[in-house]
Structure formats: structure tokens, C-alpha cells
1. Please compute the average number of Cβ atoms from other chains found within 10 Å of each residue's Cβ in peptide B:93-104.
2. Mind checking the angle between helix A:110-123 and chain A's longest principal axis? C-alpha axes, 0 to 90 degrees, to the nearest 10.
3. Dipole of region A:1-101 (Lys/Arg Cβ +1, Asp/Glu Cβ -1, origin at the Cα centre): which of A:PHE89, A:LEU7, A:HIS23 lies farthest to the positive side?
4. Express the relative contact order of chain A as a whole percentage, based on alpha carbon pairs under 8 Å and six or more residues apart in sequence.
5. If you average 1/r over every pair of different alpha-carbon atoms in the protein assembly as shown and take one over that average, what Kirkwood value in Å do you get?
6. From other protein chains only, count the Cβ atoms within 10 Å of every residue's Cβ in A:86-96, then give the mean.
7. In terms of the Cα gyration tensor, with a ≥ b ≥ c the square roots of its eigenvalues, is chain A rounded because a/c is under 1.5, prolate because a/b exceeds b/c, or oblate?
8. From the P(r) of region B:1-84, could you give the percentage of C-alpha pairs in the tail past 17 Å?
Amino acid sequence: MIDVKHLSKSFGNNLVLDDISEHIHPGEKVVIIGPSGSGKSTFLRCLNLLETPTAGTITFEGAEITDPKCDIDKIRQHMGMVFQHFNLFPNMTIRKNITLAPVRTKLMGQAEADDTATALLRRVGLEEKADAYPAQLSGGQKQRIAIVRALARRPKVMLFDEPTSALDPEMVGEVLEVMKELAEEGMTMVVVTHEMGFAREVGSRVLFMDGGHILEQNEPHAFFANPKEQRTIEFLSKVL
Amino acid sequence: MNPTALYEAFMALEDPGFWQESYMQFYRAWFYEDRWMTYFKGLGTTLYVTVIALCIGVVLGVVVATICTAHDQQRPGRRNPVLGLINAVCRVYVTVIRGTPMMVQLMIMGFAIFASSREKTLVGALTLGINSGAYVAEIIRGGLMSLDIGQMEAGRSLGLSYLDTMRFIVVPQAFKAILPSLGNEFIVLLKDTSLISVVAGKEIIYFARAIVTDTYEPMAPYLITAAMYLVLVLIFSWLQGKLERRLRQSDRR
């Protein structure tokens with residue numbers, strides 16, 4: 001579904017991603033873990049071109065998105081993204097946050113978008129917040145709205161960039177619950193996270209990144225039970 | 001009591017006190033020969049010049065800020081050379097305007113470039129507009145830049161185009177953020193209209209000075225001028241406060 005070939009990214013002289021090749025298959029739940037500065041967020045952000053790769057190609061369903069001639073706005077309609085800091089639009093109501101993109105990109109009419117928003121909000125239990133502004137919500141509620149906003153365009157893949165890292169501990173559960181449901185429905189997901197429990201339970205594959213490389217990857221149970229690389233063992237001993 | 005009668009009564013005094021003397025000066029600066037009408041004529045010019053300069057300033061400011069921001073936010077490796085050239089022109093404009101005094105700009109425009117023009121008020125308005133545009137551009141650019149980059153990323157990641165993201169997400173928030181500085185710039189502009197009298201723009205201070213030339217009493221005409229500006233600025237600040245309160249709607253918790 002997403003094919004990454006020889007991807008490199010540097011900020012100035014700082015090489016953040018070093019020649020990464022990886023393939024993400026439909027229906028997979030890929031969980032990326034690793035120490036901070038390892039390049040995992042940058043890798044995720046390259047997938048929908050929020051960061052422009054320095055070298056290498058990324059192909060999404062046959063379309064090479066790293067090609068300058070590619071209409072990235074079209075591609076992004078099929079990729080939902082959830083950010084660490086939610087990034088809801090504070091100047092709009094929740095309903096408008098959700099419906100703006102589908103309506104503006106002519107994916108749906110306003111009425112259809114409103115219905116979609118209502119249905120999605122009901123699913124995450126925030127139906128009564130439709131006319132509230134983001135400033136009136138808690139962190140966990142904001143992140144659930146952000147997921148709903150990304151889902152409103154019925155994307156084929158969802159990218160999560162540390163979705164629970166900015167939340168109070170007691171709100172982490174409600175967000176992970178929504179993500180778990182999404183996974184059970186068969187959504188293709190790429191998740192950068194520090195939630196090892198989530199990685200073990202929901203992930204179909206775990207990638208461990210360090211220093212701009214994917215050092216090790218495996219099916220989650222095997223990955224956590226017997227990591228092979230010294231660096232992975234070190235990291236896991238610190239976080240588990 | 002009729003002001004003229006009071007004035008004549010004071011004139012008849014042999015040794016008028018401070019307040020009586022002040023009143024007589026005020027009378028000569030305001031009522032005498034219906035001089036108050038010339039202040040309002042000047043006030044009309046002030047408002048006219050402010051509106052014209054404001055329009056020029058806002059249009060120029062928006063255009064320049066848009067070009068500079070669009071230039072700075074281009075994806076690396078996809079830089080547009082034409083945009084780069086226009087951007088350079090905009091940077092020169094902002095640098096020159098901000099780097100030279102308003103009065104000098106007025107004199108260059110009024111006495112050198114448009115030396116033969118008889119519409120000095122219009123020349124003054126044009127100069128003020130061009131001057132204001134540079135400051136407005138920097139205010140807008142600052143507002144656009146101060147917004148969390150995550151807002152732009154969120155908009156783009158949802159498949160919205162750069163322009164749509166700007167229009168629905170970035171600009172409305174930036175506008176709210178820059179409103180106080182923009183209001184401040186407009187107040188400065190309103191007061192700077194008094195400078196166009198150096199190129200013979202017929203504005204409040206121009207008429208006040210004419211009265212001083214007649215009476216040799218500067219206190220009253222200039223105080224009246226000051227009071228008129230103050231009232232204008234107060235009205236404007238009140239309007240600005242109303243607008244800010246309305247825009248703050250989404251901040252309520």
C-alpha cells in the first residue's frame with residue numbers, strides 16, 4: 001500500500017533518516033517505537049509529505065508521491081493524520097472542524113458531511129460537543145475529535161504521531177480505546193507511540209528505530225519476548 | 001449666555017484675569033468670524049486622507065505579506081524564481097519605507113516627484129498609504145508566522161490546498177491575533193495625517209496654523225487640534241474594542 005524506497009531525510013547537516021526501505025501492506029497495524037531523536041516522527045511525516053524527503057521515493061497505491069508533479073492534496077485525502085498536539089482549529093466549532101475538509105475538497109456536500117460528523121461523534125461518545133469550540137474540551141476529548149476529523153474523509157490509512165504523549169495519564173485510555181476499535185475494523189494504521197501495551201496488543205508489526213535506521217522489526221509478541229539487537233534490549237529494559 | 005456677548009464683556013475689562021484671557025483667546029480661535037468651520041473642513045480632510053491611506057496601506061500590506069509568506073513557505077527544492085524576484089522587490093520596499101522618516105518621504109513625494117501637482121492632499125494620502133503598507137505588511141507577516149505551524153500542517157494533512165488552509169484556518173486566527181497591533185497602526189496613521197501639512201495638505205493643523213498666523217495666539221488653536229485628534233482616536237479605539245470582543249467568541253470556555 002505504501003512503498004518506501006531508500007528514503008533519506010536531513011535537516012541541514014543533521015541526517016535524520018538514513019536510507020530506509022519499508023513496505024506497509026493493507027490492513028497492517030505498524031507500530032513504530034524508539035528513543036526520541038531516532039527519526040520515527042520524521043519517518044511518519046514523510047509518508048504524507050509533511051516533510052519533504054531529501055532522497056528516495058515513496059509510492060502510495062501506485063502513485064509516486066515524492067514526484068514533484070504529483071498532486072499531494074489528492075493523495076492526502078486518502079491518508080488521515082493525528083498529531084501529538086491535536087491541532088484542532090480553535091476558530092471553528094467541532095462540527096466545522098470535522099466537515100471543513102470533506103466539503104471544501106468536494107468529497108461530500110455540507111448535509112452529508114454533517115451526517116457523517118454526527119455519526120462519527122456518536123461513535124466516540126462526543127455527540128453533544130458538536131457545537132462546542134476546541135477550547136472547551138479536555139485533552140482526551142480533543143484527541144478523539146482529531147481522530148474523528150481525520151476519519152471523516154474515509155481515509156485508507158491512518159497515521160498517528162504520538163497521539164497520547166500530550167495527554168494526562170487518565171485520558172490516555174479513552175484515546176487508545178478509539179484507536180483499538182479502529183484497528184479491529186481493519187483500518188491500515190501506522191502509529192508512532194511510547195505505549196508498549198498498545199503496541200503489543202494492537203500492532204501486527206513493531207518497528208524499532210534508532211539513529212535514522214530501522215534496527216529491528218518483528219511480530220509484537222516475538223519482538224517483546226526476545227529482542228535480538230543489543231540496542232533494542234537496552235531500550236526495552238528502560239521503558240518496560 | 002451668548003458667547004459673543006461674553007467675549008465683548010471681557011474685552012471691555014481693563015485688567016482681565018487668567019480665565020477671562022483664556023476665554024478670549026479661545027473665542028478668537030473658535031467663534032471669531034466662524035473660524036470653527038475651518039477646523040471641521042480640516043477634519044473632513046483628515047478623515048478623507050486617513051480612509052484613502054488606510055485602503056492603500058491595507059491592500060499593499062496584504063499583498064506584500066502574502067508574497068513574503070508564500071515565498072518563505074515554499075517547499076525546499078520547489079522554489080519559484082518569479083516569486084523570488086517579486087519577494088526581493090517587496091523586501092526592498094519594506095526596508096526603504098521603514099528605514100526613512102515619514103516627513104522625508106512626504107517631502108520627496110510632495111516637492112520632488114509630484115512637485116507640479118496641485119492635489120497636494122491626494123499626494124499626502126498616497127504617501128501615507130505607501131508608508132503604512134510597509135508596517136501593515138510586517139504586522140500581517142508577524143501574525144501569520146506566530147501561528148503554530150501545526151495548524152497549517154493539520155489543514156494540509158486533511159487534503160486542503162495551501163490557499164484553502166490559509167483562508168479558513170490561518171488567516172482568521174492570525175487576524176484575531178494582529179488586531180491590537182493593526183489598530184495601533186491605524187491610530188498612528190490617523191495622527192500622521194497631520195504631517196501632510198508640510199506639503200500644504202489642507203488638514204486640521206493647516207487651518208489651525210492659518211489662525212495662529214492671524215491672531216499670534218498659538219495656545220487655543222493647537223489645543224483644539226489636539227482635542228479633535230483625541231476624540232477621533234477615542235471613537236476608533238471604542239470601535240476596535242467592540243470588534244475584538246466579537247472575535248473572541250471562540251475563546252470562551
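The values are calculated or read from the model by the stated rules, or taken from the named source; none is laboratory data. None of these values were measured; they are calculated from a predicted model. Every residue, glycine as well, gets a Cβ built from its backbone with ideal geometry; the counts of neighbours run over all protein chains shown. Protein only, heavy atoms only, side chains kept; ligands, DNA and RNA dropped before computing areas. Shrake-Rupley method; radii C 1.70, N 1.55, O 1.52, S 1.80 Å.
1. Partner-chain Cβ atoms within 10 Å, mean over residues of B:93-104: 0.
2. 60 degrees
3. A:PHE89
4. Numbers: 428 pairs, mean separation 64.2, N = 240.
Reported as a whole number, the value is 27 percent.
5. On the way: mean 1/r = 0.0367 Å⁻¹.
After inverting the mean inverse Cα-Cα distance, the result is 27.3 Å.
6. Values: counts 2, 11, 3, 11, 8, 13, 5, 1, 0, 0, 1.
Across the residues of A:86-96, the mean count of other-chain Cβ atoms within 10 Å is 5.
7. Numbers: a/c = 1.94, a/b = 1.35, b/c = 1.43.
Because a/c hits 1.5 or more and a/b fails to exceed b/c, chain A counts as oblate.
8. On the way: 2409 of 3486 pairs.
So the pairs more than 17 Å apart make up 69 percent of the total in region B:1-84.
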